[in-house]
Amino acid sequence: MSFTGKYELQSQENFEPFMRAIGLPEDQIQKGKNLKSVSEIVQDGKKFTSTVTTGSKVIKNQFTIGEESEIELMTGEKVKAMVQMEGNNKLIGEAKGIKTIVELNGDTITYTMTFGGITMKRVSKRI
């Protein structure tokens, strides 16, 4: 199963408490909570490029499954992280205490992020 595609955010749970927990400023949280968010993923074997556009903010990360990569967090901070693949439809990574699971089911991609006991879930559909 290939992750390649463009996905538009359909719903999200616990956005504000999660963003506060990871240290995003309140003005950015309020500005970002209702903005349209589109993720574009390109998968080439074990290599991935993920581009997330929310309003005018763009975060682009490249990583290879099983190799340490530098990724940019939602806070703008760049950190080292390693992403693993489980089965053929689930990516799992952890950076700075934020555990991320990205699961693809048909045309729906679910991002589940956990930090300090707070879990944010975002569901996006292929467009």
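The values are calculated or read from the model by the stated rules, or taken from the named source; none is laboratory data. Fair warning: this is a prediction, and the values are worked out from it, not measured in the lab. In this analysis, Cβ positions are derived from the backbone assuming ideal geometry, glycine residues included, and neighbour counts consider all displayed protein chains. Calculation scope for accessible area: heavy atoms of the full protein, side chains included, ligands and nucleic acids excluded. Shrake-Rupley method; radii C 1.70, N 1.55, O 1.52, S 1.80 Å.
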Please identify the pairs in which a residue from the stretch 66-91 that is over 25 Å from residue 24 (Cα atoms) and at pLDDT below 95 has its Cβ atom under 8 Å from the Cβ atom of a residue that is part of a loop (DSSP other than H, G, I, E, B) and open to solvent by 40 Å² or more (accessible area, probe 1.4 Å), counting only partners at least 6 apart or on another chain. 88/1
Which condition breaks for residue 20 when tested against (1) part of a loop (DSSP other than H, G, I, E, B); (2) open to solvent by 40 Å² or more (accessible area, probe 1.4 Å)? (1)
Going residue by residue through the stretch 51-68, is there one that turns out to be small (Gly, Ala, Ser) and in a strand (DSSP E or B)? no
Residue 122 vs (1) on the phi > 0 side of the Ramachandran plot; (2) open to solvent by less than 50 Å² (accessible area, probe 1.4 Å); (3) of a type in the set (Lys, Arg): all pass except (1)
How many of the residues making up the stretch 77-111 are under 22 Å from residue 23 (Cβ atoms), surrounded by fewer than 16 Cβ atoms within 10 Å (Cβ to Cβ) and touching a Lys or Arg at 6+ places or on another chain (Cβ under 9 Å)? 2
Need pairs with beta-carbon distance below 7 Å; first residue within 14 Å of residue 116 (Cα to Cα) and within the stretch 10-23, second open to solvent by 50 Å² or more (accessible area, probe 1.4 Å) and small (Gly, Ala, Ser); sequence gap 6+ or separate chains. 21/116
